[in-house]
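The values are calculated or read from the model by the stated rules, or taken from the named source; none is laboratory data. Since the structure is predicted, the reported quantities are computational estimates derived from the model, not experimental observations. Here the Cβ positions follow ideal geometry from the backbone for every residue, glycine too, while neighbour counts run over all protein chains shown. To get the accessible areas, we keep the full protein, side chains included, count just its heavy atoms, and leave off ligands, DNA and RNA. Shrake-Rupley method; radii C 1.70, N 1.55, O 1.52, S 1.80 Å.
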Amino acid sequence: MPTHTDIELLNEVKIKHPKKYKVYLLNDDYTSMEFVIEILITIFYKNYEDAQNVMLDIHKKEKGLCGVYTHEIAETKIIQVHQKAKDNGFPLKAVMEQE
Ligand code: TYC
């Protein structure tokens, strides 16, 4: 009979956690504040208050964390940001970094 500790060890060896990626929005001088808030609500599912705080953080510190995702989801969020920004004539950029 494996002991509790043996089972925990087995689980530690077996479970492969996917790598996580932080997605950031970058500041620029042209994208409107309201558009960044809209992006944070519609793509990153923030409520209005959180979106406003993240946007102001980016505006002051040049970049801000929007969320942490698996590689595929992070990549999709970035594509969505760039597409929506382009459609609206804004240069807004998003980047990802492995956690
Ligand atoms: N700096 C922009 C302005 O003053 C607002 C802004 C915030 C732009 C966050 C991009 O990721 C951004 N209109």
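Observations, loosely collected:
- Some residue of the stretch 2-9 being closer than 21 Å to E99 by Cα and open to solvent by less than 80 Å² (accessible area, probe 1.4 Å): no
- Any hit, the stretch 57-75, residues being without any contact (Cβ under 8 Å) to a residue 12 or more places away in the chain and touching a strand residue (DSSP E or B) at 6+ places or on another chain (Cβ under 6 Å): yes
- Pairs, first more than 9 Å from the ligand (Cβ to nearest atom) in the stretch 18-39, second assigned to a loop (DSSP other than H, G, I, E, B) and hydrophobic (A, V, I, L, M, F, W, C), C-beta under 9 Å, six or more apart: V23/F44
- Unmet requirement for K60, which otherwise passes all of (1) in contact with a helix residue (DSSP H, G or I) (Cβ under 7 Å, 6 or more places away or on another chain); (2) more than 20 Å from I78 (Cα to Cα): (1)
- I79 vs. criteria surrounded by 15 or more Cβ atoms within 10 Å (Cβ to Cβ) and at pLDDT 95 or above: no
- Evaluating K46 against the criteria (1) basic (K, R); (2) within 11 Å of the ligand (Cβ to nearest atom); (3) surrounded by 14 or more Cβ atoms within 10 Å (Cβ to Cβ) leaves one unmet condition, (2).
- Count of the stretch 69-99 residues, restricted to those that are away from the ligand (no atom under 13 Å from the Cβ) and in contact with a helix residue (DSSP H, G or I) (Cβ under 8 Å, 6 or more places away or on another chain), is 2.
- Check on I15, more than 16 Å from the ligand (Cβ to nearest atom), at pLDDT below 95, surrounded by 10 or more Cβ atoms within 10 Å (Cβ to Cβ) and among the hydrophobic types (A, V, I, L, M, F, W, C): no
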